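A quick write-up on the structure given underneath.
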Amino acid sequence: MPNNKINFKDKALPVALIVLLVVLTIWLLSDLFPLLVNIVQHIKDENVVIAEIEGYGPKGAFILLAMQILQVVTSFFPAAAIQILAGLTFGSLYGTVICLIGYIIGNGMVFVLIRQVRKNFFLRISPSKKNKTKTGWELSFIQKAHDLTMLSFLLALIPGIPNGILPYLFSKTDIPLSKYILSISLAGIPTIFLICFAGERIANGDIMTAVGITGALLLIAGVVFLLNRRITAYLKKKQIKSGDK
């Protein structure tokens, strides 16, 4: 009997997290859907978009925060679109803070959920070939990596790697949550800030700078994607060799 009680308590957390995540996702989607429709309809008129967000008052910041969380958890929205919108509405500094907090919360939720499910339900969750094809990245070597903190930092820093897949993969390693969150947060700041800055430039009428920043990031992401096999092979070689020494 005592063992059953312990097992029930252990499994209560992941079940609660799953329920919370499902409820939060449904609530966010239903609450944000009208806003998203309006934004899409007026996507070429930034003044209408800004007015729409600002019309929510302080709640506008929480809406963008929720959108960023949802983006990490579900990959439902393009991250860049949310961050540009944050820069348009709140400027590069506050926009970066809002998006970074959402990025951290989203990563933390996925990381804790997957780790708790694996730990308490003894499920072996492994990336399928289908997932590999979708992302274009072969990152299974993470399981054997020597320096997980540095590796998580590097992978989060590289544009073009789907950020939603990282908490899923690293939750199955021995890296502590605190180190994972710290590393991906530091790595995410430059890109998030640049995209928010591009949004701020659009709001100020400086379209050329915004296009230049966005174009440069897209170019880097494209090159990284084309060289993804070489990049992963190099990281794998470094990580596994370091661990063998």
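Bear in mind these aren't lab numbers, they're just calculated from the coordinates by the rules spelled out. For clarity, every value in this text was computed on a predicted model and none was experimentally measured. Note: ideal-geometry Cβ built from the backbone for every residue, glycine included; neighbour counts use all protein chains shown.
Order of 156-166, 102-112 by packing, highest average Cβ count within 10 Å first?
On the way: 156-166: 19.1, 102-112: 21.5.
Packing proxy ranking, top to bottom: 102-112, 156-166.
With 5 Å bins from zero, work out the P(r) of the range 149-221 over every alpha carbon pair and list the percent per bin.
3, 16, 22, 19, 13, 11, 8, 5, 2, 0
Neighbouring Cβ atoms within 10 Å as the yardstick, rank Ser30, Ser140, Ser92, Ser152 fewest first. Write out the running numbers ahead of the final one.
Numbers: Ser30 9, Ser140 13, Ser92 21, Ser152 26.
In increasing order of surrounding Cβ atoms, one gets Ser30, Ser140, Ser92, Ser152.
Hey, fewest Cβ within 10 Å first, where do Thr191, Thr214 land in order? Intermediate values should be presented prior to the final figure.
Numbers: Thr191 22, Thr214 18.
The fewest-first ordering by Cβ neighbours comes to Thr214, Thr191.
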